[in-house]
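Please treat every number below as a calculation from the coordinates, not as lab data. For clarity, every value in this text was computed on a predicted model and none was experimentally measured. Cβ coordinates were reconstructed from backbone atoms using ideal geometry, including for glycine residues, and neighbour counts include every protein chain displayed.
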Amino acid sequence: MIRFITLGLLIAGILTAPIGMRLAWAVEVERVTSPGGIEAWLVRDASIPITALEFSFRDGGGASDPKGMAGLSNMASSLLDEGAGDLDSQAFQGRLEDHAIRLSFSAGLETMRGSLKTLNRHRDEAGRLLHLALTRPRFDAEAVARIRRQIEVGLIRNQTNPDSRASRIWRRAMFADHPNARPVSGTVKTIGAIKADNLRRFATTRLTKDTLIVGAVGDISAQDLAILLDAIFGDLPASTPESTRGGANIPVAEPSARGNVFVSEMDVPQSVVLFGQSGLQRNDPDYYAAYIMNYILGGGGFASRLYTEVREKRGLVYSVYSYLNPMKKGPLVSGGFATRNGQVAEALSLVRTEWAKMRATGVTDDELRRAKQFLNGAFPLRLSSTSAIARMLVGMQYEKLGIDYLDRRAAFIDKVDLADIARVAKRLLDPDNLTVVIVGRPEKIKPTAKTPNIDG
């Protein structure tokens, strides 16, 4: 069982934790199936009278939004707790506040997510409110207009934000007309086209039991959780209509811009630079080798090669990073930095050099040993709260890692050797095919392709 009051002991143990550290002593995951057939993974903790639920709907994210209606998932998720059943927005939010219930929804590219956290004495009321939000959202005209305006203001503000602009251009450059290129928040034009009927259709066709994933943590028995699952989710539609299956029918994307440099001019003192290329999915046999390789290359913060070469030795950037994005419909290995316009060319050249060096020579014994020690030793910090653990349980189900994944994770890390990393580096990293997006006024950089239009 987890005892969250022992977090300090977990932190203290990181530096001395053995590479093969296992988590079975800390977390026991139980599969719970309700009478109505709804499954959840549960971690019980009787030390605090709280129940936390995290849940996700596969294919409920922005990539599944209808063409010309980008931002539908995001707008709907922002409105689910703005009134439901016989409670308007003010009354619904008042009930949450009066009972200290935390309820939120959000949309990503591939999924729509929700989070509930409540004291056990208010658990029935929390479940009732969540049930109403999922099954009887009101989408009242006042709430729709208010949320629409909030989203539009944010979108207009982001048009002059170099980070946001770079991200939009990057996705458009990499994915062209593929649904992965659609902005999750939409555009001013598409948000303006979304009506209440579109939102209601989203709720009745995309929030379905066959796409539902649930993780639960707290002082709740399997029997009580089973009852709660049916009370909350039992009235959802059984399945998504074939005509609106969205993400399930999206093909895996092949990046459309290989090795090009795109420049979007913006009058700012620092340029924002994003770079990357095709990656690999979470279920790929090479995933753990790629995970460790990326940690050493640019995912390890102060310990990474990119940070050492670009930031520490030369002071060209404040931060530089790389990461794996194992999307199901278009995985990437990506990174980025920001620097003064006059230093972009030098910093980018160093990134390419480290990309090529990793591909050519892999990593050293010492780098591999230290990476394993950190990645296994620091992992318990990701299990430091009820909600964090519940999110982990959802992720484990989404990626089909198995209910005993927490027991097996360290072994996956430990198994990786130098040859595995050398192989995956040659497979993934190709400096000649590194696609680059720059927003700013970079000096000594020539674009090699026309920058995609993201304002239409």
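Per residue Cα convex hull volume for the stretch 261-440, in cubic angstrom?
Convex hull volume per residue, Cα atoms: 132 Å³.
Pop out the Kirkwood hydrodynamic radius of the stretch 254-330 from its pairwise C-alpha distances, inverse of mean 1/r, in Å to one decimal.
After inverting the mean inverse Cα-Cα distance, the result is 14.4 Å.
I need the phi-derived Karplus couplings for the stretch 397-407: 6.51 cos²θ - 1.76 cosθ + 1.60, θ = phi - 60°, integer Hz, Gly and Pro marked x.
With the stated coefficients, the stretch 397-407 comes to 6, 4, 8, 6, 8, x, 5, 9, 4, 4, 6 Hz.
Kirkwood Rh over alpha-carbon pairs of the stretch 27-249, then Stokes-Einstein at 4 °C and 1.567 mPa s: what D in µm² s⁻¹, rounded to an integer?
71
If you put +1 on each Lys and Arg Cβ and -1 on each Asp and Glu Cβ, how big is the dipole of the chain around its Cα centre, in Debye rounded to 20?
Roughly 1080 debye, rounded to the nearest 20.
What do you get when you divide the Cα radius of gyration of the stretch 165-311 by 2.2 N^0.38 Å, with N the number of residues?
It is 1.46.
Mind checking which lysines have their Cα closer than 25 Å to the Cα of residue 67? Skip sequence neighbours fewer than 8 apart in that chain.
Partners found: 189, 195, 209, 328, 329, 450.
Treating cross-link reach as a plain straight distance, find the aspartates and glutamates whose alpha-carbon is under 13 Å from the alpha-carbon of residue 400, omitting any fewer than eight places away in the same chain.
284
Please list 3J(HN,Hα) in residue order for the stretch 434-451, calculated via the Karplus relation 6.51 cos²θ - 1.76 cosθ + 1.60 where θ = phi - 60°; whole Hz, with x for glycine and proline.
These are the phi-based 3J(HN,Hα) values: 6, 8, 10, 10, 10, 10, x, 10, x, 8, 6, 10, 10, x, 10, 8, 5, 5 Hz.
Place the peptides 279-286, 74-81 in order of packing, highest mean first, counting for every residue the other Cβ atoms within 10 Å and averaging per peptide.
Going from most to least packed, we get 74-81, 279-286.
Give the aspartates and glutamates whose C-alpha is closer than 18 Å to that of residue 372, dropping any in the same chain fewer than 8 places away, or say none.
286, 407, 414, 417, 420
If you take the alpha carbon radius of gyration of the chain and divide it by 2.2 N^0.38 Å, what ratio comes out, to two decimals?
Output field value: 1.03.
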